[in-house]
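Visitor: Before we start, here is the structure in question, set down as structure tokens.
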Amino acid sequence: MGRLPLVDPGDEGADPLAREVLDRVTGTRGRSVAPNVYRAAANHPRALDAMVRFGTVVYFDNTMSPAQRELAYLTASLTNDCHY
Amino acid sequence: MLLGRAAGLTEEKLAHLGDDPLPEGLYDPDEAAIVRYAQRATRMDVIDDATYGALAEHFDDEQIIELCFTVGLSNMINRFHATFLTEVDPTTQEALAPACPLAYPDVPGSSVG
């Protein structure tokens, strides 16, 4: 059970910036639903926005090959024993 | 893992990311340089000349900055999950469930609230 509510981009009452960033994530990542890490971080919309922008520059759209990119990310997560 | 597979990483390469030393010949030289760096950077080990030099053989300064920040981003997200116990979304869970090359640790038994 997570400690944060998961923001639903379809929720009219949700923060507009949070909804806009979540829609941006699903649009650019080719997923039907934004992964939960984004929906949890959306409890702080400006932080989510900055995180997505930063992650896009240094990770998702960086100059490495997909395999190189994922080796860096996955190895770090595994070393931290984080299997999200 | 899903992104790893989508990036063309084999199950064997995914399964040995935590090995230190790495299996001989499993990873291409540029890949091995990334894995060794990501392990050491995450453990906050000293990034010695050999580790950095192996990166510099394959990547320019801008790319090494990208690698550094990608490892950092992963560490940041790891801590986010450890703090907020974010659950894996069903879509990812379903795709991963049949065969994750790495053992799943127990979710910390803390109660919420």
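The values are calculated or read from the model by the stated rules, or taken from the named source; none is laboratory data. Since the structure is predicted, the reported quantities are computational estimates derived from the model, not experimental observations. Positions of Cβ are generated from backbone atoms using ideal geometry, with glycine treated the same way; all protein chains shown enter the neighbour counts. All accessible areas refer to the heavy atoms of the entire protein, side chains included, with ligands and DNA or RNA removed. Shrake-Rupley method; radii C 1.70, N 1.55, O 1.52, S 1.80 Å.
Visitor: So, in the range A:21-49, exactly how many residues are over 19 Å from residue B:88 (Cα atoms) and in contact (Cβ under 8 Å) with a residue 12 or more places away in the chain?
Guide: 6
Visitor: Suppose we filter the range B:37-54 for residues that are part of a helix (DSSP H, G or I) and more than 10 Å from chain A (Cβ to nearest Cβ); how many remain? Write out each step before concluding.
Guide: Restricting attention to the range B:37-54, the residues satisfying the condition of being part of a helix (DSSP H, G or I) are B:37-42, B:49-54.
Subset that is more than 10 Å from chain A (Cβ to nearest Cβ): B:49-54.
Qualifying residue count for the region: 6.
Visitor: Working carefully through the options A:40, A:18, A:67, A:50, find the one that is part of a helix (DSSP H, G or I), closer than 30 Å to residue B:27 by Cβ and modelled with pLDDT of 95 or more.
Guide: One residue alone meets the criteria, A:67.
Visitor: Also, quick follow-up: Taking residue A:43 as the residue in question, decide whether it is open to solvent by 50 Å² or more (accessible area, probe 1.4 Å) and of a type outside the set (D, E, K, R).
Guide: Working: open to solvent by 50 Å² or more (accessible area, probe 1.4 Å): yes; of a type outside the set (D, E, K, R): yes.
Here the answer is yes, as residue A:43 does meet what is asked.
Visitor: Can you find, within the range B:1-36, the residue that is nearest to residue A:70 (Cα to Cα) among those that are open to solvent by less than 20 Å² (accessible area, probe 1.4 Å) and in a helix (DSSP H, G or I)?
Guide: Restricting to residues being open to solvent by less than 20 Å² (accessible area, probe 1.4 Å) and in a helix (DSSP H, G or I), the top hit is B:4.
Visitor: What number of residues in the range A:46-65 are loosely packed, with under 14 Cβ neighbours inside 10 Å and not hydrophobic (A, V, I, L, M, F, W, C)?
Guide: So the count comes out to 5.
Visitor: Answer with yes or no whether residue A:14 is free of Cβ contacts under 8 Å to residues at least 40 places away in the same chain and either within 7 Å of chain B (Cβ to nearest Cβ) or within 18 Å of residue B:91 (Cβ to Cβ) (or both). I'd like the intermediate steps shown before the answer.
Guide: Working: free of Cβ contacts under 8 Å to residues at least 40 places away in the same chain: yes; either within 7 Å of chain B (Cβ to nearest Cβ) or within 18 Å of residue B:91 (Cβ to Cβ) (or both): no.
No.
Visitor: Separate question: Which of the residues belonging to the range A:1-25 are of a type outside the set (Asp, Glu) and either surrounded by fewer than 16 Cβ atoms within 10 Å (Cβ to Cβ) or more than 14 Å from the chain's Cα centre (by Cα) (or both)?
Guide: If the condition is that a residue be of a type outside the set (Asp, Glu) and either surrounded by fewer than 16 Cβ atoms within 10 Å (Cβ to Cβ) or more than 14 Å from the chain's Cα centre (by Cα) (or both), then A:1, A:2, A:3, A:4, A:5, A:10, A:13, A:14, A:16, A:17 are the ones that fit.
Visitor: When you check residue A:58 against the structure, is it under 30 Å from residue B:16 (Cβ atoms), modelled with pLDDT under 95 and facing chain B (nearest Cβ under 10 Å), yes or no?
Guide: No; evaluated as a whole, the condition is false for this residue.
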